[in-house]
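Engineer: After the structure tokens below, expect a handful of questions from me.
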Amino acid sequence: MNNTNGELVIRRPNPQDARDVYQLIRDSQTLDLNSAYAYLVLCDYFRETCVIAEGGSQVVGFLSAFRSPLCSDTLFVWQIAVAGSHRKQGIGKRMLTYLLSETAAPPITYLEATISRSNVASTRLFTRIAAAYDVPIEIICGYQAEMFPPEIHHEEEPLYRIGPFTPQR
């Protein structure tokens, strides 16, 4: 199901989107760039928990997520990217709201994401989602800096856990 608002289309990805998603993440210069193959797999095998924002014929946003293998009602949000030309327009929130409302059963009870302390935009997004749905947000130990390879100098990423969401959403 497509959700249109003006010229922006929020939809599920397909494998043909993977190249554009890779370029979007690469061009963001703020997210960890995964292999082109990883984005192909996300757009194919994980399409039910990923979202594309398309402006005209261009991919201007991508949200990757997957259900936790430990708890199927928990959705882990891996990456959210919005093209520089389309930032500060609420596209990240629209993609996340679409995902919450359009994801098949079982219903999503919790959202989780690890967010580095310097990522103010993602912190604001998840805080706003919790407020919009009037659900608690808990910030706990996630991935410590020493868990990452030393040559990349990655900062720690606390785990944000939002919910429980009610089935009515």
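The values are calculated or read from the model by the stated rules, or taken from the named source; none is laboratory data. Here the structure is a predicted model, which means the values were calculated and not measured. Heads up, the Cβs are rebuilt from the backbone with ideal geometry, glycines too, and the neighbour counts pull from every protein chain shown. Ligands, DNA and RNA are excluded from the accessible area calculation, which covers all protein heavy atoms including side chains. Shrake-Rupley method; radii C 1.70, N 1.55, O 1.52, S 1.80 Å.
Engineer: Set the Förster radius R0 to 41 Å, insert the Cβ-Cβ distance between Gln29 and Glu102 as r into 1/(1 + (r/R0)^6), and round the FRET efficiency to 0.05. Please report the intermediate quantities before stating the final value.
Structural biologist: Details: r = 30 Å, r/R0 = 0.72.
With R0 = 41 Å, the Cβ-Cβ based efficiency is 0.90.
Engineer: How large is the charge dipole for the chain, taken about the Cα centre, if only the Cβ atoms of Lys, Arg (+1) and Asp, Glu (-1) carry charge, to the nearest 20 debye? Let's see the in-between values first.
Structural biologist: On the way: 15 positive and 18 negative charges, 108 e Å.
It comes to approximately 520 debye.
Engineer: Follow-up. Just the number please: accessible area per residue for the chain, 1.4 Å probe, all protein chains included, in Å². Don't skip to the answer; put the middle values down first.
Structural biologist: Values: 9460 Å² over 169 residues.
Roughly 56 Å² per residue, with all protein chains present.
Engineer: Computed from the mean reciprocal separation of all distinct C-alpha pairs, what Kirkwood hydrodynamic radius does the stretch 32-130 have, in Å? It would help to have the intermediate numbers written out before the result.
Structural biologist: Details: mean 1/r = 0.0711 Å⁻¹.
Mean inverse Cα-Cα distance, inverted, gives 14.1 Å.
Engineer: What nm distance separates the two modelled labels at Phe66 and His86, each placed 7 Å from Cα along Cα→Cβ?
Structural biologist: 2.4
Engineer: Also, quick follow-up: Just round it to a whole percent: the fraction of Cα-Cα distances in the chain exceeding 30 Å.
Structural biologist: Of all Cα-Cα distances in the chain, 12 percent exceed 30 Å.
Engineer: Could I ask something else about it? Using 1/(1 + (r/R0)^6) with R0 = 30 angstrom and r between the beta carbons of Gln16 and Glu151, what's the FRET efficiency to the nearest 0.05? Walk me through the intermediate numbers first.
Structural biologist: Numbers: r = 34 Å, r/R0 = 1.14.
The pair Gln16/Glu151 has a calculated efficiency of 0.30.
Engineer: Work out, in µm²/s and without decimals, the Stokes-Einstein translational diffusion coefficient of the stretch 118-169 at 37 °C, 0.692 mPa s, Rh from Kirkwood over C-alpha pairs. Mind showing how you got there, number by number?
Structural biologist: On the way: Rh = 12.5 Å.
The Stokes-Einstein estimate is 262 µm²/s.
Engineer: Got a number for carbon plus sulfur as a percent of the stretch 4-152's accessible area, 1.4 Å probe? Spell out each step's value before the answer.
Structural biologist: Numbers: 4290 of 8170 Å².
For the stretch 4-152, the apolar C and S fraction of the accessible surface comes to 53 percent.
Engineer: Regarding the stretch 87-134, what whole-number volume in Å³ per residue does the convex hull of its Cα atoms give?
Structural biologist: Details: hull volume 3.9 nm³, N = 48.
Given the Cα convex hull of the stretch 87-134, per-residue volume reads 82 Å³.
Engineer: Considering all alpha-carbon pairs of the stretch 80-169, what whole percent are spaced by more than 22 angstrom? List each step's numbers first, then the result.
Structural biologist: Working: 1401 of 4005 pairs.
That fraction is 35 percent.
Engineer: May I pose another question? Along the charge dipole of the chain, pointing to its positive end and built from +1/-1 on Cβ of Lys, Arg, Asp and Glu, which listed residue (Ser28, Ala131, Leu40) has its Cα farthest out?
Structural biologist: Ala131
Engineer: Could you grab the Rg to Rh ratio for the stretch 69-113? Cα atoms only, Kirkwood for Rh. Can you show the working numbers first?
Structural biologist: Working: Rg = 12.2 Å, Rh = 11.8 Å.
Rounded to two decimals, Rg/Rh equals 1.04.
Engineer: What accessible surface, in Å², does a 1.4 Å probe find on Asp32, ignoring ligands, DNA and RNA and rounding to the nearest 10?
Structural biologist: In the full protein context, Asp32 sits at about 90 Å².
Engineer: Same structure again: Suppose the chain between Val135 and Val41 were pulled fully straight at 0.36 nm per residue; how much longer would it get relative to their current alpha carbon spacing? All intermediate terms of the calculation are to be shown ahead of the outcome.
Structural biologist: Numbers: separation 94, 0.36 × 94 = 33.84 nm, distance 3.16 nm.
Gain in length upon complete extension: 30.7 nm.
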